[in-house]
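Since the structure comes first, as structure tokens, the remarks are kept for the end.
Laboratory data are not the source of any read-out in this text; all were calculated from the coordinates shown. Computed from a predicted structure; not experimentally measured. We place every Cβ from the backbone using ideal geometry, glycine too, and count neighbours over all the protein chains shown.
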Amino acid sequence: MLLAVEVGNTNIKFGLFEVEGAAGGTLVHSWRSVTDRRQTGDDLAAQVDSMLRVNAVPRAAVQRVAVASVVPPLYRALSEMSQRYFAARPEFLSAARQSVVPVKTRHAAELGADLIGGAIGAVVKHGAPAIVVQFGTATTFAAISGRGEYLGTAIAPGIEVSVDALIGRAAKLMDVPLVKPPAAIGTDTPTALQSGIILGFVGQVEHIVGRFAAEMGEKPIVIATGGLAELIVPHTNVFDRIDERLVLDGIYAWASKTRSRARVAPA
């Protein structure tokens, strides 16, 4: 089996795949935890080991560990977990060092592993051209050409980040459920906030996706992913797919196309 790990600023997602080939493995188990930059390799291993036990999977079944991380402080912990507990050198996805989706931006090394992971997942699973919108700590937009090339990105503050900033700086505002209001014109503080937040992000998504498609000169498939996608996707017709496991599948697809690393002796 291959353990795919997507490390974001808010959550860590784990996916356990039965290896079948580059076209796609079987995701047999997945789970998530809260990102904590203070975690050690032992902490991460304890989390993974407990989930393996819950799902009756022996630790020895994990032969490879592939990671897409945007949290550099956890690189060492991830390496320690992989080598000490799974006798495998971790394979870190990097936009500049992969060839599944050629990167046409000015500085490929600046591109986050989550973005290239989502792009790989989109091309392998859904085809190209494509626009991938990831709803997380940031809301990101990725453009992939019909030739399967990564063209570029737009990055906006995420939904929760924006709401927290607004509530934190406006003492008279309150925390409200993030649901679509009955009308755009709010008649009280909760509906006014819901209108600005939900409809505001819907408008942002529709406008940026429209601009991307016009500049690409193609008819892309538009894919939503990320933990907060469900807040926006039901309120717009711009999306063709919603795929929560897009990045995990992208990590697997990339890892399956690379040569398996030699196992190491456990510490």
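Quick check: residue separation of residue 75 and residue 106 times 0.36 nm, minus the Cα distance between them. What number comes out in nm?
The span from residue 75 to residue 106 would gain 8.6 nm if fully extended.
Which of 47, 205, 96 sits farthest toward the positive end of the charge dipole of the chain, with +1 on the Cβ of Lys and Arg and -1 on the Cβ of Asp and Glu?
Positive-most Cα among the choices belongs to 96.
Across the chain, how many lysine pairs separated by 8 or more positions, or lying on different chains, have Cα atoms within less than 27 Å?
8
Quick check: from the Cα gyration tensor, does the stretch 96-249 come out rounded (a/c under 1.5), prolate or oblate?
Judged from the Cα gyration tensor, the stretch 96-249 comes out prolate (a/c at least 1.5, a/b above b/c).
Angle between the Cα long axis of helix 159-169 and the longest principal axis of the chain, 0 to 90 degrees, nearest 10?
Roughly 60 degrees between the two axes.
Consider a paramagnetic label point 7 Å from the Cα of residue 179 along Cα→Cβ; state which residues of the stretch 222-252 have an amide N under 14 Å from it.
In the stretch 222-252, the label zone of residue 179 (backbone N under 14 Å from the point 7 Å along Cα→Cβ) covers 231.
For the stretch 1-63, what does the alpha-carbon gyration tensor say about shape, rounded, prolate or oblate, given a ≥ b ≥ c as the root eigenvalues, a/c under 1.5 as rounded, and a/b over b/c as prolate?
Judged from the Cα gyration tensor, the stretch 1-63 comes out oblate (a/c at least 1.5, b/c at or above a/b).
Using a simple spin-label model with points 7 Å from Cα along the Cα→Cβ vector, what separation in nm is obtained for residue 63 and residue 206?
Between residue 63 and residue 206, the simple spin-label model gives 4.9 nm.
Highest mean first, what order results for 188-196, 175-183, 115-123 on Cβ atoms within 10 Å?
115-123, 188-196, 175-183
Can you say what percent of the DSSP beta bridges in the chain, counting only those with both residues inside, are antiparallel? Round to 5.
So the antiparallel bridges amount to about 65 percent of the total.
By the gyration tensor of its Cα atoms, with a ≥ b ≥ c the square roots of the eigenvalues, what is the shape of the stretch 97-149: rounded for a/c under 1.5, prolate for a/b over b/c, or oblate?
Because a/c hits 1.5 or more and a/b fails to exceed b/c, the stretch 97-149 counts as oblate.
Before rounding to the nearest 500, sum -39500 (n - 2.57) across all DSSP H runs of length at least 4 in the chain and divide by the residue total; then give [θ] at 222 nm in deg cm²/dmol.
For the chain, the value works out to -10500 deg cm²/dmol.
Normalised by the number of residues in the chain, what is the relative contact order in percent for Cα pairs under 8 Å and 6+ residues apart?
Relative contact order of the chain: 21 percent.
May I ask you to derive the FRET efficiency for residue 221 and residue 257 from their Cβ-Cβ distance with R0 = 22 Å, giving the value to the nearest 0.05?
0.50
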